[in-house]
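The values are calculated or read from the model by the stated rules, or taken from the named source; none is laboratory data. Model, not experiment: these values are computed from the prediction. Virtual Cβ from ideal backbone geometry, glycine too; neighbours counted across all protein chains shown. To get the accessible areas, we keep the full protein, side chains included, count just its heavy atoms, and leave off ligands, DNA and RNA. Shrake-Rupley method; radii C 1.70, N 1.55, O 1.52, S 1.80 Å.
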Amino acid sequence: MTAKPAETQYQVHELIRNRWSPRAFADRPVEKETLLSLLEAARWSPSSYNHQPWSFIVATKDNPAEYNRLLSVLVEFNQGWAKSAPVLILAIAKLFTDDGKQNHYAFHDVGLALGNLSLQATALGLSVHQAAGFDRDKARTEYQIPEAYAPATALVIGYEGDPQTLPEGLREKELAPRVRKPLQEFVFSGQFNQVSPLLSA
């Protein structure tokens, strides 16, 4: 595996340090119980009023027709590297509560569920790459997703593979150090864009 632990400013859990989003995946199936463990982790994530506004369409290489169907929803660029992974998931957000009110936190809550899923995957030696590059209209048509729901993101899941299998440009990205904005750029107090005194030297 390509170890890319985060260079954090402050201490965080090792699962958070080690989670990252590769594009190189091994041609190794994900065991059924392991995949169900990821979905169970998503199931137990927090959500506003416990609405749990997430749904997942899952496709594995055990069923090539369904796998290729979901793969076809990704943009061509993402298909190029995602086709090596054994598991694809389409995450869907329910935009309204059961009493018909708009759920303004639906995408937020789906994100929390996928955060749980990603950390569980890291704990089990798997990798997850969330892909925004997919055709939402095609996904809606292909899977008959009702108007009250919205395709949120695609997930590519599997065991990490050899970066050398990627094209040169992607290989460079795969091996490059991970970077994040420093806390000073987004942790404020008093007003927007005023750095919090928590970060004072």
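Name the single residue, out of those in the range 6-45 being assigned to a helix (DSSP H, G or I) and small (Gly, Ala, Ser), that is nearest to the chain's Cα centre (by Cα).
ALA42
Would the range 19-39 turn up any residue that is within 29 Å of ALA176 (Cβ to Cβ), modelled with pLDDT under 95 and open to solvent by 50 Å² or more (accessible area, probe 1.4 Å)?
Yes, the conditions are met somewhere in the range 19-39.
Any idea which of (1) in contact with a strand residue (DSSP E or B) (Cβ under 7 Å, 6 or more places away or on another chain); (2) open to solvent by less than 60 Å² (accessible area, probe 1.4 Å) is the one GLN184 doesn't satisfy?
It is condition (2) that GLN184 fails.
Take the residues of the range 136-145 that are touching a helix residue (DSSP H, G or I) at 6+ places or on another chain (Cβ under 9 Å) and not β-branched (Val, Ile, Thr): which is least open to solvent (accessible area, probe 1.4 Å)?
Among those residues, the one meeting the criterion is ALA139.
Which members of the range 146-160 meet the condition of being surrounded by fewer than 17 Cβ atoms within 10 Å (Cβ to Cβ) and of a type outside the set (Gly, Ala, Ser)?
PRO146, GLU147, listed by residue number.
Given the structure, is PHE107 hydrophobic (A, V, I, L, M, F, W, C), under 23 Å from THR122 (Cα atoms) and either at pLDDT 95 or above or touching a Pro at 6+ places or on another chain (Cβ under 7 Å) (or both)?
yes
For the range 89-107, state whether one or more residues are open to solvent by less than 10 Å² (accessible area, probe 1.4 Å) and of a type outside the set (A, V, I, L, M).
No.
Condition check: under 23 Å from VAL179 (Cβ atoms), outside any helix (DSSP H, G or I) and among the aliphatic types (A, V, I, L, M). Does ALA3 satisfy that?
Spelling it out, ALA3 is indeed under 23 Å from VAL179 (Cβ atoms), outside any helix (DSSP H, G or I) and among the aliphatic types (A, V, I, L, M).
GLN184 - would you say it is more than 25 Å from LEU35 (Cβ to Cβ) and free of Cβ contacts under 8 Å to residues at least 40 places away in the same chain?
Yes.
What are the pairs, 6+ residues apart or on separate chains, where a residue within the range 53-75 that is closer than 28 Å to ASP99 by Cα has its Cβ under 6 Å from a residue that is open to solvent by less than 70 Å² (accessible area, probe 1.4 Å) and assigned to a loop (DSSP other than H, G, I, E, B)?
PRO53/ASN103; ILE57/TYR143
Could you go through the range 112-134 and let me know if any residue there is closer than 17 Å to ALA148 by Cβ, crowded, with 23+ Cβ neighbours inside 10 Å and at pLDDT 95 or above.
Looking through the range 112-134, none of the residues is closer than 17 Å to ALA148 by Cβ, crowded, with 23+ Cβ neighbours inside 10 Å and at pLDDT 95 or above.
Could you say whether any residue in the range 113-121 is closer than 27 Å to GLY100 by Cα, free of Cβ contacts under 8 Å to residues at least 24 places away in the same chain, touching a helix residue (DSSP H, G or I) at 6+ places or on another chain (Cβ under 9 Å) and not basic (Lys, Arg)?
No; the residues of the range 113-121 include none that is closer than 27 Å to GLY100 by Cα, free of Cβ contacts under 8 Å to residues at least 24 places away in the same chain, touching a helix residue (DSSP H, G or I) at 6+ places or on another chain (Cβ under 9 Å) and not basic (Lys, Arg).
State which residue is farthest from the chain's Cα centre (by Cα) when the search covers only the range 56-81 and only residues that are closer than 20 Å to THR141 by Cβ, of a type in the set (Gly, Ala, Ser) and open to solvent by less than 50 Å² (accessible area, probe 1.4 Å).
SER72
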